[in-house]
Every structure is written in structure tokens, then in C-alpha cells.
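Rule-based calculations on the coordinates, nothing more; no lab input. These numbers come from a predicted model, not from an experiment. We place every Cβ from the backbone using ideal geometry, glycine too, and count neighbours over all the protein chains shown.
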Amino acid sequence: MGLVLLYTGDGKGKTTAALGLVLRVVGHGYRVVIAHLMKTLIYRGEYVGEYLAIKKFLSEYVDVYSLDPDQHLTPRDVLRMALSRTMEVKPSLLILDEVNNAVANGYLTAREVIDSIKSLPPEVNVVLTGRDAPREFMEIADLITIMEPRRHYFDRGIIGVRGLEF
């Protein structure tokens with residue numbers, strides 16, 4: 001099994017940290033599969049900086065899957081699509097963005113996610129993001145980073161900063 005990296009906690013930066021790894025992996029010429037398990041296609045809109053960067057510069061190396069309400073996709077559907085693509089292209093990195101939230105909200109079980117990870121080729125490293133990481137993820141993770149907020153500009157009413165939030 002590849003390495004499992006877990007980014008969790010109430011602080012900002014979990015998805016951002018995972019996307020930083022995308023740059024690193026692609027810089028070495030490897031592929032990435034990203035599954036946004038709780039983010040809709042709006043997150044892949046023309047105003048979201050990371051999506052624009054992937055589309056403009058990295059699309060040859062990165063496959064992105066998201067919820068699509070028009071197709072009635074569920075987090076489980078997105079996970080299956082991403083896993084299928086992962087088995088096909090054997091990327092160096094699979095990001096299961098907001099998977100912790102999907103488990104906490106009952107859309108997926110920790111067991112099905114772990115079984116999916118264990119079924120991957122050994123060269124695939126996995127990143128799990130989101131608040132409320134289940135205990136089972138903590139047990140299998142090779143790296144655990146807990147984002148803890150100390151101060152956030154949101155508390156001062158500053159929201160939606162282009163380039164920092166989207």
C-alpha cells in the first residue's frame with residue numbers, strides 16, 4: 001500500500017495542502033487523480049483559482065472528479081469514478097478531498113474508503129482531507145496533520161478573498 005496522508009482539523013488549509021502536493025507530484029512528471037467528494041461542480045467554476053490552474057497548466061497530468069447534481073452523482077459515485085481512473089492510470093497521488101466529511105455525514109463508511117485504499121496499486125499514495133477524520137483513518141495514516149485555527153480573518157468579517165479562498 002502507498003502512503004496515506006491525512007489532513008484534518010477545524011483550521012483552514014487542508015485542501016490547500018493537498019493541492020500543494022499536486023504541484024510537487026506533477027513537477028516530477030507523475031499523474032494525479034482528485035476526487036472532490038463534497039464539492040459540487042461550482043467548485044470547478046471559472047472563478048476558482050486552483051481549478052483554473054489545473055485546467056490551464058496541469059490537465060495533462062491531473063484528472064478531477066466532482067459531484068454533479070444534474071447527473072445525480074453522490075460522493076460514493078465520485079469515489080467510484082476516481083478509483084476506476086486510478087486503477088487505469090496508476091497515478092502517484094490520489095486525493096480524496098473532503099472524504100472525512102463524507103464519512104462524518106454518512107455518505108460513505110470508513111470501512112469502504114479503507115478497503116478502497118487497500119485495493120490500490122502500491123505506487124499510489126493517498127491524501128484524505130476534511131474535518132472530523134474518523135478514528136479508523138487516524139489508525140491507517142502514515143502522516144497526520146491537524147489544522148488548528150488560532151486566528152482567522154473570517155472572524156473579522158473578511159470572507160471570500162480571491163486567491164486565498166478560491
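Kindly provide the set of residues from region 120-154 that are among the hydroxyl-bearing types (Ser, Thr, Tyr) and free of Cβ contacts under 8 Å to residues at least 24 places away in the same chain, ordered by number. It would help to see each step written out before you state the result.
Narrowing region 120-154 to residues among the hydroxyl-bearing types (Ser, Thr, Tyr): 129, 145, 153.
Hit for region 120-154 is Tyr153, nothing else.
Output the qualifying pairs, or none if there are none: Cβ atoms under 9 angstrom, residues six or more apart or on different chains, first residue in region 155-166 and of a type in the set (Val, Ile, Thr), second residue surrounded by 11 or more Cβ atoms within 10 Å (Cβ to Cβ).
Taking only residues 6 or more apart or on different chains, the pairs are Ile158/His152; Ile159/Tyr153; Ile159/Glu165; Val161/Tyr153.
Of everything in region 88-126 that's in contact with an Asp or Glu (Cβ under 7 Å, 6 or more places away or on another chain) and among the small types (Gly, Ala, Ser), which residue is surrounded by the fewest Cβ atoms within 10 Å (Cβ to Cβ)?
Ala104
Those residues that are surrounded by fewer than 17 Cβ atoms within 10 Å (Cβ to Cβ) and within 18 Å of Ala18 (Cβ to Cβ), I need them from region 127-144; list them, please.
Going residue by residue through region 127-144, those that are surrounded by fewer than 17 Cβ atoms within 10 Å (Cβ to Cβ) are 131-132, 135-136, 138-140, 142-144.
Within region 127-144, Arg131, Asp132, Met138, Ile140, Asp142, Leu143, Ile144 qualify.
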